[in-house]
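**Q** I'd like to ask some things about the structure below.
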Amino acid sequence: MNDKLFQFLNEPRQPPRTVPVAIRVLGYGEIGGDFNTASVSTQAERCIDCGNPYCEHVCPVHNYIPNWLKLVQQGRIMEAATLMHETNPLPEICGRVCPQDRLCEGACTLEQTEFGAVTIGSVERWVTDEALRQGWRPDLSAVRETGKRVAIVGAGPAGLACADRLRRVGIAADVYDGQHEIGGLLTFGIPPFKLDKAVVRTRREVLEGMGVRFLLGREVGRDVEFGQLVDDYDAVFVGTGAYTYVDGQLPGRELRGVHDALPFLIANTERLLRDEPPAHAFDLKGKNVIVLGGGDTGMDCNRTAIRLGAASVTCVYRRDEASMPGSAREVSYSREEGVEFLFHRQPLEILGNEHGGVRSVRVIETALVDGGDGRPRPRNVAGTECEIEADVVIQSFGFLPSPPDWLTTHGVKLAPSGRVITGADGALPLQTSHPRIFAGGDNVRGADLVVRAVYDGREAAGSIAQLLSCPSEVTARDVEQHPWAAVAAL
Ligand SMILES: Cc1cc2nc3c(=O)[nH]c(=O)nc-3n(C[C@H](O)[C@H](O)[C@H](O)COP(=O)(O)OP(=O)(O)OC[C@H]3O[C@@H](n4cnc5c(N)ncnc54)[C@H](O)[C@@H]3O)c2cc1C
Ligand code: SF4
């Protein structure tokens, strides 16, 4: 009998310990602890090599998960890091922020048993961190420069993934961003307790080492003409994200003390980067805070409000817990840190006090009915209205794409929702209706996930290489033919 095959019987699923709640809420440090060489290997050995790796199919970038788990078991950390980068240009970031319970780990064969999934995300994170710490860098020694040049608008995960892949096939990548740091929402949206900003800075060093040029503090359409980029470069990739807030149209939303989620989170991240105390409007010490919305952004607002010293944080959601759109892990962290959840409540109105501030939120109870699309729809229950007292309300109803005018003036077609249309009518994947303009990430999908933006950037780079007749990098589409597939036989 192969003992390793049944390692999961002896070794329980054991993700790295999280920092105790009483300590973690005092600051903004990442809450996940670390593996060490022995514990990461033990956890990797729990993989049963089930032969049909659902984890790999469900992972949006189709990581070669069982293959790199084998390398980790053998202590071959640098090779594992190389293999991780074959499919994922940002593995240390996805290992931290992916909702693994809905993706790779949710699909792990062991997750369907009493033994629990392999800790795939934590292994990916630890291996990449450790390899980078030991000096791992992508080996581009065989790459020949093609003389082709691509402009990338947006240094979020979509733009960064595109830049990484272009450099691997010898195409110059110039990345323009209106912000003064790279990362997009990785830097300014996702709070540091989920993703330490030093991780993004290390990735910037890696990309610059590959020859990626960042032109920061340059907003296209304001500081740089988009037409100039189209004229000067062989192709352009647009990864500008989705920044239009969904407006719940709640009466009272203009009151002092009502904030939209993203400005609230951005203001907090920026002041932390500058090492400053919170501005008066965002100082929540002793305040009763209500967060409206049950997605991942809502969970980030909950946990940030706790760290800002709120006396109470109540998260109001109109469906039940099972219908929440975000990661169950983030809901459980919120709860551990002291957030109260109020399910089955639809907000109707924000009520003010005599000083122009917030007094309460009027809500009504809901019952769930069949929505016809597999997702239950909330219906208000007459006669159940009540008021919940609050000093501050944070609205987190989601985001829509915010396509800039200059896209349409260059013939790029948009869907009525504002999403950029790509890949239509025989176009290459991620190619827009302008043959030399490509797009990906939230501006194509609507607000989504980091790992899907990474996928789009990677695939767009493959399409650009094809358009420019350059050699194209191996992608997950080639997984069967890829030499690394043989690692499974080790
Ligand atoms: C608060 C919050 C928390 C989240 N948490 C998670 C999570 O835990 N896990 C997860 O997987 N996903 C999470 N997401 C979603 C994830 O961050 C996004 O799906 C992802 O960042 C989208 O990547 P992107 O590259 O398309 O866009 P973005 O990350 O938005 O980057 C777009 C970039 O384009 C730049 N830009 C825009 N217009 C211009 C212009 N005209 N000129 C130059 N630059 C421009 C912007 O400055 C920005 O840097 C979260 C989102 C939010 C808002
Ligand atoms: S990229 Fe995300 S979904 Fe894929 S293996 Fe890593 S953590 Fe899982």
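The values are calculated or read from the model by the stated rules, or taken from the named source; none is laboratory data. In this text the structure is predicted, and so the values were computed from the model without any measurement. Methodologically, a virtual Cβ is constructed for each residue, glycine included, from the backbone with ideal geometry; neighbour enumeration extends over all protein chains shown. All accessible areas refer to the heavy atoms of the entire protein, side chains included, with ligands and DNA or RNA removed. Shrake-Rupley method; radii C 1.70, N 1.55, O 1.52, S 1.80 Å.
**Q** Output the residues belonging to region 184-219 that are aliphatic (A, V, I, L, M) and farther than 13 Å from ASP174 by Cα.
**A** LEU185, LEU186, ILE190, LEU195, ALA198, VAL199, VAL200, VAL206
**Q** If you check LEU414, LEU430, which single one turns out to be touching a residue at least 24 places away in the same chain (Cβ under 8 Å) and within 26 Å of the chain's Cα centre (by Cα)?
**A** Just one listed residue meets the conditions, LEU430.
**Q** Output the residues belonging to region 220-229 that are out of contact with any Pro (no Cβ under 9 Å at 6 or more places or on another chain) and either under 19 Å from ALA172 (Cα atoms) or not charged (D, E, K, R) (or both).
**A** Result: VAL224, GLY227, GLN228, LEU229.
**Q** Now a separate question. Only one of ARG274, ARG303 is open to solvent by 10 Å² or more (accessible area, probe 1.4 Å) and either of a type outside the set (D, E, K, R) or on the phi < 0 side of the Ramachandran plot (or both). Can you tell me which?
**A** Going through ARG274, ARG303 in turn, just one is open to solvent by 10 Å² or more (accessible area, probe 1.4 Å) and either of a type outside the set (D, E, K, R) or on the phi < 0 side of the Ramachandran plot (or both): ARG274.
**Q** Which of the numbered conditions does GLY75 fail, given that it passes all the others? Conditions: (1) more than 25 Å from the chain's Cα centre (by Cα); (2) within 21 Å of VAL200 (Cβ to Cβ).
**A** Of (1) more than 25 Å from the chain's Cα centre (by Cα); (2) within 21 Å of VAL200 (Cβ to Cβ), only one is false for GLY75: (2).
**Q** Something else: Of everything in region 283-297 that's in contact with a Pro (Cβ under 9 Å, 6 or more places away or on another chain) and within 29 Å of HIS180 (Cα to Cα), which residue is least open to solvent (accessible area, probe 1.4 Å)?
**A** Checking each candidate, the answer is LEU284.
**Q** Determine whether region 188-203 contains at least one residue that is among the acidic types (Asp, Glu), within 14 Å of ligand 1 (Cβ to nearest atom) and over 22 Å from the mean Cα position of the chain (by Cα).
**A** Looking for residues that are among the acidic types (Asp, Glu), within 14 Å of ligand 1 (Cβ to nearest atom) and over 22 Å from the mean Cα position of the chain (by Cα), one finds none in region 188-203, hence no.
**Q** For residues that are within 24 Å of the chain's Cα centre (by Cα) and surrounded by fewer than 17 Cβ atoms within 10 Å (Cβ to Cβ), tally how many sit in region 27-44.
**A** 4
**Q** If you check every pair at least six apart or on different chains, which have Cβ atoms under 6 Å apart with a residue in region 280-292 that is of a type in the set (Gly, Ala, Ser) first and a residue that is open to solvent by 10 Å² or more (accessible area, probe 1.4 Å) second?
**A** Partner pairs satisfying both residue conditions: GLY286/ALA311.
**Q** Sort through LEU250, LEU207 and tell me the only one that's within 25 Å of VAL450 (Cβ to Cβ) and at pLDDT 95 or above.
**A** After ruling out the rest, the residue left standing is LEU207.
**Q** I've got another one for you. Inspect all residues belonging to region 155-173 and state whether any of them is small (Gly, Ala, Ser), buried (at least 24 other Cβ atoms within 10 Å of the Cβ) and away from ligand 1 (no atom under 14 Å from the Cβ).
**A** Yes; the residues of region 155-173 include at least one that is small (Gly, Ala, Ser), buried (at least 24 other Cβ atoms within 10 Å of the Cβ) and away from ligand 1 (no atom under 14 Å from the Cβ).
**Q** For region 177-207, which residues satisfy the criterion of being more than 26 Å from ASP34 (Cβ to Cβ) and either surrounded by fewer than 17 Cβ atoms within 10 Å (Cβ to Cβ) or touching a strand residue (DSSP E or B) at 6+ places or on another chain (Cβ under 7 Å) (or both)?
**A** Within region 177-207, ASP177, GLN179, HIS180 qualify.
**Q** Here is a further query. Looking at the structure I just gave you, is LEU90 of a type in the set (A, V, I, L, M, F, W, C) and modelled with pLDDT under 95?
**A** It is false that LEU90 is of a type in the set (A, V, I, L, M, F, W, C) and modelled with pLDDT under 95.
**Q** Further question: Looking at this structure, is GLU114 at negative phi and modelled with pLDDT of 95 or more?
**A** No: the conditions fail for GLU114.
**Q** Can you list the strands (runs of 3 or more DSSP E) found entirely within region 365-482 that contain at least 2 residues being within 30 Å of ASN353 (Cβ to Cβ) and open to solvent by 40 Å² or more (accessible area, probe 1.4 Å)?
**A** The qualifying strands (runs of 3 or more DSSP E) are 386-389.
Conditions tested, residue by residue: (1) touching a Leu at 6+ places or on another chain (Cβ under 9 Å); (2) more than 16 Å from ligand 2 (Cβ to nearest atom); (3) outside the structural domain of CYS59 (by TED's automatic domain parsing); (4) within 26 Å of ARG102 (Cα to Cα).
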| position | (1), (2), (3), (4) |
| --- | --- |
| ALA439 | yes, yes, yes, yes |
| VAL444 | yes, yes, yes, yes |
| ASP448 | no, no, yes, yes |
| VAL451 | yes, no, yes, yes |
| GLU459 | yes, no, yes, yes |
| ILE464 | yes, yes, yes, no |
| SER469 | no, yes, yes, no |
